[in-house]
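Read through the structure below, which is laid out as structure tokens, and then see the notes.
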Amino acid sequence: MKILIINGPNLNMLGKRDKKYYGQLTLKDINKELKKRASKKAKLKFYQSNSEGELVTFIQRHLNYDAIIINGGAYTHTSIAIHDALELFKGKIIEVHLSNILEREDFRKIDYIKSVATKIFMGKKEESYYEAISYLLKQ
Ligand code: DQA
């Protein structure tokens with residue numbers, strides 16, 4: 001199984017962001033743990049960008065992958081372009097968020113990724129990512 005791990009804007013700043021919502025770990029820490037958990041069962045490819053267009057192009061170039069784990073960051077709440085790129089993807093799409101976007105500001109309740117996602121894990125800080133990878137590895 002080939003899985004893309006895609007992170008949107010400001011997720012490269014994990015470790016420095018509000019720990020109450022995002023925890024202590026850096027994205028590098030989280031990715032290292034995901035790799036460990038996938039071990040030989042899946043091949044992971046990691047990508048982070050702060051740019052909407054780059055995220056769209058990356059998705060378009062990897063449509064042959066089996067699954068995507070995506071934290072769209074703030075683009076979750078704004079990006080029809082990322083929604084449309086994900087719509088082209090035939091494999092499973094798992095949406096993740098470190099924080100619980102439903103229990104924060106109203107603008108975070110708008111979610112353009114939700115309708116193309118097979119499953120959503122949120123509100124458990126880095127555990128949300130780990131639940132997503134275990135879910136895929138069980139499929
Ligand atoms: C986030 C939640 C978003 O609202 C926010 O813009 C982020 C991170 C999360 O993982 O909790 O950057 O996606």
**Asked** So which of Glu95, Glu54 is within 13 Å of the ligand (Cβ to nearest atom) and closer than 24 Å to Arg17 by Cβ?
**Response** Glu95
**Message:** Can you find a residue that is open to solvent by 70 Å² or more (accessible area, probe 1.4 Å), more than 16 Å from the ligand (Cβ to nearest atom) and within 27 Å of Asp84 (Cα to Cα) anywhere in segment 1-15?
**Reply:** yes
**Candidate set: segment 113-135, residues that are of a type in the set (Asp, Glu) and out of contact with any helix residue (DSSP H, G or I) (no Cβ under 9 Å at 6 or more places or on another chain); chosen: the one most open to solvent (accessible area, probe 1.4 Å)** = Glu127
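If you take the residues of segment 18-29 that are without any contact (Cβ under 8 Å) to a residue 12 or more places away in the chain and under 25 Å from Arg104 (Cα atoms), which of them is least open to solvent (accessible area, probe 1.4 Å)?
Residues of segment 18-29 that are without any contact (Cβ under 8 Å) to a residue 12 or more places away in the chain, as a first pass: 18-20, 24, 28.
Retained after the next criterion (residues that are under 25 Å from Arg104 (Cα atoms)): 18-20, 24.
On the way: Asp18: 76, Lys19: 91, Lys20: 137, Gln24: 131 Å².
Residue satisfying both the conditions and the ranking: Asp18.
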**Item:** Out of Lys32, Lys45, sole residue that is over 14 Å from the mean Cα position of the chain (by Cα), open to solvent by 20 Å² or more (accessible area, probe 1.4 Å) and away from the ligand (no atom under 13 Å from the Cβ)
**Value:** Lys32
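Only one residue in Ile110, Ile82 is under 18 Å from Ile3 (Cβ atoms) and within 16 Å of the ligand (Cβ to nearest atom). Which one? Can you show your working first?
Working: Ile110 fails: under 18 Å from Ile3 (Cβ atoms).
None of the other options fit; the residue is Ile82.
The values are calculated or read from the model by the stated rules, or taken from the named source; none is laboratory data. In this text the structure is predicted, and so the values were computed from the model without any measurement. Backbone-built Cβ (ideal geometry, glycine too); neighbour counts: all protein chains shown. Each accessible area value is taken on the protein alone, full model and side chains, heavy atoms only, with ligands, DNA and RNA left out. Shrake-Rupley method; radii C 1.70, N 1.55, O 1.52, S 1.80 Å.
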